[in-house]
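Written below as structure tokens is the structure these notes are about.
Throughout, read-outs are computed from the coordinates displayed, never taken from laboratory work. Computed from a prediction, not measured in an experiment: that's the story for all the values here. Glycine also receives a Cβ, built like all others from the backbone with ideal geometry; neighbour counts cover every protein chain displayed.
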Amino acid sequence: MTKMIRPALSLLVLMTLITGIAYPLLVTGIAQVAFPDQANGSLIHDADGKVRGSSLIAQDFTGDTWFHPRPSAGAFATVSSGASNLAPSNPALATRVIDDANKLLVPGQGPVPLALLTTSGSGLDPHLPPAAIAYQLARVAAARHLPVAKVQQLLDEHIEQPLVGPPVVNVLALNTALENL
């Protein structure tokens, strides 16, 4: 019996050391050297060095002085992130979208962009299309007593072109830059 138990326990200890300690430390070390920003959460800092958030997770901004992100089904909480699972035929979804559209509608500016009315699959998408940000330009510029051209220039500086897909704007990074003006 001990002939079978001893090798089994030895293998268990060895595999625990390899897969539970050595491999995670190796991967963490490589990540810290090769991709330090991403390995530490892609954090965004303000001018004082204080962490404002992660460029990978949306945050709720309220008030006219900020660009608003797309809605979140989980109230921007990472623990409960996910889609609302409301079908297009669900009256609750239609009611929420109509209410949001009425709140965000700017007379004479056309319909509210769909990205400002619909949630992402994770509920935490930090990006918006440039058109959804541009729809909010006049409101933010007026609330901050800034020329629209200055805010437009800030938007233009924050448009990112991902490897795949259309151009996007990180709302947290844009709001942080707006705060630094």
- Query: Taking LYS150 as the anchor, which aspartates and glutamates have their alpha carbon closer than 15 Å to its alpha carbon, excluding any fewer than eight residues away along the same chain?
  - Reply: GLU179
- Task: First obtain the Kirkwood hydrodynamic radius of the chain from its Cα pairs, then insert it into the Stokes-Einstein equation at 10 °C and 1.306 mPa s, and state the resulting D in µm² per second as a whole number.
- Result: 81
- Message: Using +1 at the C-beta of Lys and Arg and -1 at the C-beta of Asp and Glu, which of HIS158, VAL171, PRO111 has the Cα lying farthest in the positive direction of the dipole of the range 43-179?
- Response: PRO111
- Task: Starting from the Cα of LYS103, draw a straight line to each of the aspartates and glutamates and keep only those under 20 Å, dropping any in the same chain fewer than 8 residues away.
- Result: ASP60, ASP64
- Query: So how strong a dipole does the chain carry about its Cα centre when Lys and Arg Cβ are +1 and Asp and Glu Cβ are -1, to the nearest 20 debye?
  - Reply: 560
- Query: If the label point is 7 Å along Cα→Cβ of ALA143, which residues in the range 52-73 have backbone nitrogen under 12 Å from it?
  - Reply: 61-69
- So who's got an amide H within less than 5 Å of the one on LEU117, skipping anything under 5 residues away but keeping other chains? H placed 1.01 Å off N, in plane. none
- Query: For ARG52, which sequence-distant residues (separation of 5 or more, or a different chain) have an amide H within less than 5 Å of its own amide H, given hydrogens modelled in the peptide plane?
  - Reply: ILE44, HIS45, ASP46
- Query: Fewest first, what order do ARG6, ARG70, ARG144 take by the number of other Cβ atoms within 10 Å?
  - Reply: ARG6, ARG144, ARG70
